[in-house]
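Q: Can you keep this structure in mind? I'll have questions shortly.
Just so it is clear, none of the values below were taken in a lab; they were calculated from the coordinates. In this text the structure is predicted, and so the values were computed from the model without any measurement. No Cβ is skipped: glycine too gets one built from the backbone with ideal geometry, and neighbour counts run over all protein chains shown.
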Amino acid sequence: MTAEQTVPTPTGSAPTTTGRAAGTTTGSGSGSDRPNHRWIALAVIALAQLMVVLDATIVNIALPSAQADLGFGTDQRQWIVTAYSLAFGSLLLLGGRLGDLFGRKTTFIVGLVGFALASVLGGLADSFGLLVAARALQGVFGALLAPSALGMLTTTFRDPKERGRAFGIFGSIAGSGAAIGLLLGGVLTEYASWRWCLYVNVVFAVLGVIGALVFMAKPPKVERPRIDVAGVLTITAGLVGIVYGFSNAESNGWDAPLTIVMLAAGVLLVAAFVVIETRVAHPLLPLRVVLDRDRGGAFIAIGLVAIGMFGIFLFLTYYLEQTLGFSSLQTGLAFLPMPLSIMVSATQIGGRLLPRVGPKVLIFAGGLVAATGLLLLLRTDVDSTYAGTVLPALIVIGLGMGTIFSSAMNTATTGVARADAGVASATVNTMQQIGGSIGTALLSTIFADVVKDSLSGLSAAPTKLQQAQAVIDGYHVAFGISAGVLVLVALAGGLLINRQSVRLAKLERAASATTGSIPAAAH
């Protein structure tokens, strides 16, 4: 078999070439092509993914201390989060395509180094403006790093069983990183300083760079077509509009003029981007990547999961701290059963069963299980206990989430041409980011409205107990809506994923055995 032999792929996918690709080598016996090196490379990739995912929640834990130290107002706190979200969410597709063009190992290392330097800058910040700038830089380099990590995973693991295990591990990190961030942020804030919530990224980055240099293969020389400048400009501006629009809706309401203008402009620019991608020779996001039925269903499921997860982390954190009186550290420890449950289900259920039953069944079942866990949170009350109400729900939610993440991420990147692996991975991250933005705005405003309505119905000034019960009512609505969103995840898996995807494992084995290419999705 030659180093570059083209094999046919299903409708909707570009021809897939065999042999060398970004992030792998063939025949040299070096780098990630060695079996043991592939798994070490996976550990490096997972470490980088963990750094990116936990950064959101770990910084949220640090915000009150940072505010007291730097002296900025409560109304300014939002920009610490928004600066990162805008840069990260708007540049993901460009970051993924740069990895495709210049080599994912290169962009992976650059992303790690840049993220670490931005974290140091944030840790050293002596003003609000410098901290915001550092967070924006974190977002820029995170947008380069995240799709490179998933793209390398996609091109490194080709055997169906290995691929299932690898995505099980990666999915467990993606699903549990936010909870780990709560725990780590609580520890660092309580026993060190809020600045260490940023400095800790340097440890992850140093380990990641060393691992990448030693265990990841040198990317081969590839043809570098011109960057789709028009596509970059329209999608970047469009995503900025959408992310900022949802962020503004959270603080100023859905009827605020700026919210309406930004969301409308964002949607129009994304529509213009789609038109551009159909006409340029070298599109930033080839539409074949998203129009494949299985991948499209997986992308939708991933976006919906991000909406649902927001209800878990934000409002359950509020419940634990404000209602049950937990400290930040106790809250982080309280969430620990969920990432453990995610890891078990992602590796043992999703990772092992995906080659046998396909993503359709697993995403459907995972969505229903996670929704059931959220419905268990409707039993929470002002005098509930953690062990009796929260703990069982977290375990059930984790079992469902882990199954969804490992299956959906694998499906979203299966059958993609090697040249498109980075941008396909970036689409996964973009769906997560947009879903999180929607969840933040939608659930926060609904929660506030429910609390307001509950209190306005009282004839006299509300007592502390009545105020607490009104907040509980808001939590219940948020949990209920999140459960409904996860039912939609199940439907996306059950209705949009191709019925023949149960044959995925057989086709993957055949493709891997004969070509060494990225397996093609069943149709």
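Q: For Leu333 paired with Ala133, estimate the spin-label separation in nm (one decimal), with each label point 7 Å from Cα along the Cα-to-Cβ line.
A: Each label point lies 7 Å from its Cα, and together they span 4.0 nm.
Q: Rg/Rh for region 402-465: what does it come to with C-alpha atoms and Rh from Kirkwood?
A: 1.36
Q: Do the sum for the chain: with -39,500 (n - 2.57) for every DSSP H run of n ≥ 4, divided by all residues, what is the mean residue ellipticity at 222 nm, to the nearest 500 deg cm²/dmol?
A: -25000 deg cm²/dmol, from helical runs alone.
Q: Please give me the summed charge of the neighbours of Thr427: other residues whose Cβ is under 14 Å from its Cβ, Lys and Arg +1, Asp and Glu -1.
A: Net charge in that neighbourhood comes out at -2.
Q: Now for a different question. For the pair Leu458 and Leu213, what calculated FRET efficiency results from E = 1/(1 + (r/R0)^6), where r is the Cβ-Cβ distance and R0 = 45 Å, to the nearest 0.05?
A: 0.10
Q: A further question on this structure: Please report the relative contact order for region 85-209, taking Cα pairs under 8 Å with a sequence separation of at least 6, and give it as a percent rounded to a whole number.
A: Over region 85-209, the number comes to 36 percent.
Q: A follow-up question, please. Could you tell me the extents of region 228-283's C-alpha atoms along the three principal axes, largest first, rounded to whole Å?
A: Largest to smallest, the principal-axis extents are 41, 12, 10 Å.
Q: Please compute, for the alpha-carbon atoms of region 196-343, the extent along each of the three principal axes and give them in descending order in Å.
A: Result, largest extent first: 58, 53, 33 Å.
Q: What is the set of long-range amide H partners of Ala417 at a cut-off below 5 Å, with H atoms built 1.01 Å from backbone N?
A: Ala14
Q: Near the amide H of Phe157, under 5 Å away, which other amide H atoms are found, from residues 5 or more places off or on another chain, if H is placed in the peptide plane?
A: Sorted by chain and number, the residues that satisfy this come to none at all.
Q: Next up: What is the sum of charges, Lys and Arg at +1 and Asp and Glu at -1, for the other residues whose Cβ falls under 12 Å from the Cβ of Ala83?
A: Once positives and negatives cancel, what remains is +2.
Q: Hey, another quick one. If region 328-478 were replaced by its equivalent ellipsoid, with semi-axes equal to the square roots of 5 times the Cα gyration tensor eigenvalues, what would those be, largest first, whole Å?
A: One finds semi-axes of 36, 19, 12 Å for region 328-478.
Q: Stokes-Einstein at 4 °C, 1.567 mPa s, Kirkwood radius from Cα pairs: D for region 311-395 in µm² s⁻¹?
A: For these conditions, the coefficient is 92 µm²/s.
Q: Label Ser251 and Ala271 with points 7 Å out from Cα along Cα→Cβ: what is the distance between them in nm?
A: Label at Ser251, label at Ala271, 2.9 nm between them.
Q: Taking region 108-163, which chymotrypsin sites (Phe, Trp or Tyr not before Pro) meet the DSSP loop condition and have no more than 15 other C-beta atoms within 10 Å?
A: When the chymotrypsin sites (Phe, Trp or Tyr not before Pro) of region 108-163 are filtered for loop state and at most 15 Cβ neighbours within 10 Å, nothing remains.
Q: Kindly state, as a whole number, the per residue volume in cubic angstrom of the convex hull around the alpha carbon atoms of the chain.
A: 133 Å³
Q: Same structure again: Which residue, Thr74, Leu488, Val275, has the largest displacement toward the positive end of the dipole of the chain when charges sit on each Cβ (Lys, Arg +1; Asp, Glu -1)?
A: Of the candidates, Val275 comes out farthest on the positive side.
Q: Once you list every other residue whose beta carbon is under 14 Å from the beta carbon of Thr331, what net charge do they have if Lys and Arg are +1 and Asp and Glu are -1?
A: -2
Q: Can you tell me, using C-alpha contacts under 8 Å and at least 6 residues apart, the relative contact order of the chain as a whole percent?
A: Rounded, it is 23 percent for the chain.
Q: Now, a different point. Mind sorting Thr414, Thr389 by how few other Cβ atoms lie within 10 Å of their own Cβ, fewest first?
A: Ordered by Cβ neighbours within 10 Å, fewest first: Thr389, Thr414.
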